[in-house]
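Novice: The following block contains the structure, expressed as structure tokens.
The values are calculated or read from the model by the stated rules, or taken from the named source; none is laboratory data. Here the structure is a predicted model, which is why all the values come from computation and not from measurement. No Cβ is skipped: glycine too gets one built from the backbone with ideal geometry, and neighbour counts run over all protein chains shown.
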Amino acid sequence: MAPTSAKEWQVGQARCRRVNLAEPAGDLASLAGEWQVGQARCRRVNLAEPAVTDPRAKAVCEKYFREDDSIYRPCFKLVDPAPYEKMCLHDMATVTFGKTMEDKACIAAAAYRSECGSHGIELPMPRTCVRCEKPDMSHLTAGELFTVTEPAKKADIIFVVERKQCNRNVMPELIRIAQGLEERYREERYVDNRYAVVGFGGEGVTEMPHVVTADGQIFSNIRSIVSAFTSLKPSVDNTESAGVLGALKFATNLPMRIGSTKVLVLVKCSSCQPEEEAVDYTDIYRTLLDRGLHLHILENDDFVVRTAAKLSKSKRIFGVDSKNKFAIKDMKDVRGDADLHSLKCS
């Protein structure tokens, strides 16, 4: 709407902060009067959607928030389930009877489960609310089994980054490392690759493991994940972190895809302190094996090689895996050297 007078330019009619000023005479009372709405009262209207009364919908909500055999029964005396049952019924207003009714109960169920968890009562999600997407785009619910005969040509890569000053020179290079991974995967015909970033060891809310999102998403493609890496800032504090294993456990619970190659890249600079960890090493080890996760550790530290002869520059070790050691001479093809693997490192 365009202003019809010079006066209107200065009382907000142009919808612009720069001209939303007082009148030329500086009379603030006159300015305020321009926004007066008169003595009449606005009509009160309840815009809330009425809860559904369909008995089939009520049965679904009562199954979780009222029935004696509800999976949430252990929390009923501590957290009143009535508001969550009402929430569930309101969510049902937008669906027709069928499988989608069970799906609509998941939001209220998740809210109730979260509230009970804050009171120290750990409860499961309904099985129908826990789903994984199969390679054929159908879904697998909790308790169902699916055998992957041939891994799909796609990868889920999670960077787990310690937000300490000792990593300040490494963080800007992570984008380049991710791009290098993407290039290598594409050479192997992996075309549907996703990346995620988990931070830990920072200050305040960034001390505990957390997802650094890109465009509001946990997983993103190689182009979008750049924003997540850019927002990673090291903390001023440079004390040792005691949550490396906890951060790994957090990362293993992110929603990775069935049949994908699953990779964790741990970028740490604190030493391992298993005695101060809340998570047991053997639990992490078992999780990595059970879920087919490949763990890579990126750390700015030197390998001390126990050998009588001094290694040439081309054989200086910068990485190891279960079969090979990697030296400067392997930088181009990253094949590794099985002969070097016989050397003892610390």
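Novice: Give segment 62-96 a look and list any residue that's among the β-branched types (Val, Ile, Thr) and in a loop (DSSP other than H, G, I, E, B), or say none.
Specialist: Of the residues in segment 62-96, the ones among the β-branched types (Val, Ile, Thr) are 71, 79, 94-96.
Across segment 62-96, the qualifying residues are ILE71, VAL79, VAL95, THR96.
Novice: Same structure again: Filter segment 236-271 down to the residues that are under 20 Å from the mean Cα position of the chain (by Cα) and among the hydroxyl-bearing types (Ser, Thr, Tyr), then identify the one that is modelled with the lowest pLDDT.
Specialist: Within segment 236-271, the match that is modelled with the lowest pLDDT is SER260.
Novice: For segment 272-292, check the following and say yes or no: at least one residue is over 18 Å from the mean Cα position of the chain (by Cα), touching a residue at least 60 places away in the same chain (Cβ under 8 Å) and assigned by TED's automatic domain parsing to the domain that holds TYR190.
Specialist: Taking every residue of segment 272-292 in turn, none turns out to be over 18 Å from the mean Cα position of the chain (by Cα), touching a residue at least 60 places away in the same chain (Cβ under 8 Å) and assigned by TED's automatic domain parsing to the domain that holds TYR190.
Novice: Checking the condition among the small types (Gly, Ala, Ser), loosely packed, with under 12 Cβ neighbours inside 10 Å and either in contact (Cβ under 8 Å) with a residue 60 or more places away in the chain or at positive phi (or both), which residue from GLY201, GLY216 passes? Step through it out loud before you land on a result.
Specialist: Numbers: GLY201 fails: loosely packed, with under 12 Cβ neighbours inside 10 Å.
From the options GLY201, GLY216, the qualifying one is GLY216.
Novice: Something else now. Against the condition touching a strand residue (DSSP E or B) at 6+ places or on another chain (Cβ under 8 Å), modelled with pLDDT of 90 or more and assigned to a loop (DSSP other than H, G, I, E, B), how does LEU288 come out, does it pass?
Specialist: Working: touching a strand residue (DSSP E or B) at 6+ places or on another chain (Cβ under 8 Å): yes; modelled with pLDDT of 90 or more: yes; assigned to a loop (DSSP other than H, G, I, E, B): no.
Against the criterion (touching a strand residue (DSSP E or B) at 6+ places or on another chain (Cβ under 8 Å), modelled with pLDDT of 90 or more and assigned to a loop (DSSP other than H, G, I, E, B)), LEU288 does not qualify.
Novice: Quick check on segment 197-220: of everything there that is β-branched (Val, Ile, Thr) and not in a strand (DSSP E or B), which residue is modelled with the lowest pLDDT?
Specialist: Step one: of segment 197-220, the residues β-branched (Val, Ile, Thr) are 197-198, 205-206, 211-213, 218.
Next, only the ones that are not in a strand (DSSP E or B) stay: 205-206, 212-213, 218.
Details: VAL205: 85, THR206: 88, VAL212: 93, THR213: 92, ILE218: 94.
Selected residue: VAL205.
Novice: Let me ask another. Can you name the residue in segment 32-73 that is touching a Leu at 6+ places or on another chain (Cβ under 8 Å) and at pLDDT below 70 and, of all such residues, is nearest to SER114 (Cα to Cα)?
Specialist: The first filter runs over segment 32-73 and keeps only residues touching a Leu at 6+ places or on another chain (Cβ under 8 Å), leaving 51-52, 57-58, 61, 71-72.
Pick out the ones that are also at pLDDT below 70 and you get 51-52.
On the way: ALA51: 23, VAL52: 25 Å.
Going through the qualifying residues, I end up with ALA51.
Novice: So in segment 139-186, with the set limited to residues that are small (Gly, Ala, Ser) and at pLDDT 85 or above, which one is farthest from ASN253 (Cα to Cα)?
Specialist: Step one: of segment 139-186, the residues small (Gly, Ala, Ser) are 142-143, 152, 155, 178, 180.
Right, trim to at pLDDT 85 or above and you get 155, 178, 180.
Working: ALA155: 16, ALA178: 21, GLY180: 25 Å.
Among them, the one singled out is GLY180.
Novice: Give ARG194, ARG189, ARG223 a once-over and let me know the one that is over 13 Å from LYS164 (Cα atoms), of a type outside the set (Val, Ile, Thr), at pLDDT 90 or above and part of a strand (DSSP E or B).
Specialist: Details: ARG189 fails: part of a strand (DSSP E or B); ARG223 fails: part of a strand (DSSP E or B).
One residue alone meets the criteria, ARG194.
Novice: Taking segment 112-132 as the search range and keeping residues that are farther than 18 Å from LYS58 by Cα and of a type in the set (A, V, I, L, M, F, W, C), which one is modelled with the lowest pLDDT?
Specialist: At the first step, the residues of segment 112-132 found to be farther than 18 Å from LYS58 by Cα are 113-125, 127, 130-132.
Filter once more, so that each one left must be of a type in the set (A, V, I, L, M, F, W, C): 116, 121, 123, 125, 130, 132.
Working: CYS116: 94, ILE121: 92, LEU123: 93, MET125: 91, VAL130: 82, CYS132: 76.
Ranking the qualifying residues of segment 112-132, first place goes to CYS132.
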